[in-house]
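Derivation of every value follows stated rules applied to the coordinates shown; laboratory data play no part. Worth saying up front: this structure is predicted, and the values here are computed from it rather than measured. Quick reminder, even Gly has a Cβ in these numbers, built from the backbone with ideal geometry, and neighbours come from all protein chains shown.
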Amino acid sequence: MSDQYGGVSAPAPKKVTVPDLIAMKREGRRITMMTAYDAAFARLVDQAGIDVILVGDSLGMVVLGYPTTVPVTMDDMVRHAAAVSRGTQRPLLVGDMPFGSYQASAEDALRNAARFLKEAGMDAVKVEGGAEVVDTVRTLTANGIAVMAHVGLTPQRVAQLGGFKVQAKTARAARRLIDDALALEDAGAFSIVLESVPAPVATLATERLDIPTIGIGAGVDCDGQVLVLHDVLGLFGEFKPKFAKRYADIGAQVADALREFDREVRDGSFPTAEHSFTMKDSELASLQRGLAQPKAV
Ligand code: KIV
């Protein structure tokens, strides 16, 4: 393929699609999903070969500094989702519907989900909830919008749940979760996040569903796994859920780098000639001569 300068550029990688994810479950190939909120990190997630990027409303906690995801708005989500879309080529992109963007009516849900597709380049949306969002999922999918569901710990309900707690721990609650998941599949959801549920409950749900389950704190038997990028990289210290594995401690490296910058500026060892610009000696001499003359009025 020839680029605009006559050089040869690599062909764009084949984009991951919803049918690809369903086929991966059928073929027993595990799905990887990671959150991202800006173009720079999304590019790195893409380069790592991750299948799905979720622009999660965890944005509110790990980027915007809120204590929960509840204050996040559609405008926040669309701005960040569009940046993620500009930074990526291969992963399927999922925009997380924030609290208040889909609960009041199916019309609201449709209008806001359409914003993710039209303004932010997302391929699909995610909604939190069980039986209570089945009609919303049906409306969205009937109108051509791919929907990922999310049951178990649904952080938008953190006040009602009394905190970020493990869900479906009793037989009765686990049965309700599995029934909800089946109803969401029936309504057209193409995949479902299981968050903070006992591993055996996730196993039973995964066995009963044709659509892939993506676990976060739901054990190894889910069809795929998702984590929050800032937890994975050690960029979010405020709260560390048991399920969040830290694969790197970038936060500590960032803090070291910033302390070194602070020290070098204060002691005058930055910038050196390497990071400074020069001018011709003749121009400098002319400038100095000019400055020595009184300014004409
Ligand atoms: O907002 C988010 O990041 C999420 C994941 C935890 C699944 O919903």
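What is the distance in Å between the Cα centres of region 103-150 and region 272-297?
62 Å
Is there a quick way to get the dipole size of the chain? I mean about its Cα centre, with the Cβ of Lys and Arg at +1 and of Asp and Glu at -1; what is the value in debye to the nearest 20?
On the way: 32 positive and 37 negative charges, 35 e Å.
Taking the Cα centre of the chain as origin, the dipole is about 160 debye.
Can you give the direction-averaged projected area of the convex hull of the alpha-carbon atoms in region 202-297, in nm²?
14.2 nm²
Just to be sure I understand: of the beta bridges DSSP finds with both ends in the chain, what percent are antiparallel, rounded to 5?
Approximately 5 percent, going by the DSSP bridge assignments.
Kindly provide the GluC sites (Glu not before Pro) of region 222-264 that DSSP labels as loop, not H, G, I, E or B, and whose Cβ sees at most 14 other Cβ atoms within 10 Å.
Working: sites: Glu238, Glu260, Glu264; in loops: Glu238.
Answer in residue order: Glu238.
Mind listing which trypsin sites (Lys or Arg not before Pro) in region 138-192 are in a DSSP loop and have 16 or fewer other Cβ atoms within 10 Å? It would help to have the intermediate numbers written out before the result.
Numbers: sites: Arg138, Arg157, Lys165, Lys169, Arg172, Arg175, Arg176; in loops: Lys165, Lys169.
Of the trypsin sites (Lys or Arg not before Pro), the ones in loops of region 138-192 whose Cβ has at most 16 other Cβ atoms within 10 Å are Lys165, Lys169.
Answer with one residue from Ser191, Met77, Met279: the one whose Cα lies farthest towards the positive end of the charge dipole of the chain, charges on Cβ with Lys, Arg +1 and Asp, Glu -1.
With unit charges placed on the Cβ atoms, the residue in question is Ser191.
Considering the Cα trace of region 18-248, what is its radius of gyration and what is Dmax, both in angstroms?
Using the Cα atoms of region 18-248, the pair Rg, Dmax is 15.9, 44 Å.
Over the alpha carbons of region 253-292, what is the largest minus smallest coordinate on each principal axis, giving the biggest first in Å?
Dimensions of region 253-292 along the principal axes of its Cα atoms: 46, 18, 11 Å.
For Asp108, what charge total do you get from the other residues with a beta carbon under 14 Å from its beta carbon, if Lys and Arg give +1 and Asp and Glu give -1?
In short, 0.
Sort Lys15, Lys25 so the one with the fewest other Cβ atoms within 10 Å of its own Cβ comes first.
Lys15, Lys25
Compute the longest continuous run of the chain that contains no exposed chymotrypsin sites (Phe, Trp or Tyr not before Pro); treat a site as exposed when its DSSP state is not H, G, I, E or B and it has at most 12 other Cβ atoms within 10 Å.
Numbers: sites that count: Tyr5, Phe239, Tyr247, Phe277.
The longest uninterrupted stretch comes out as 6-238.
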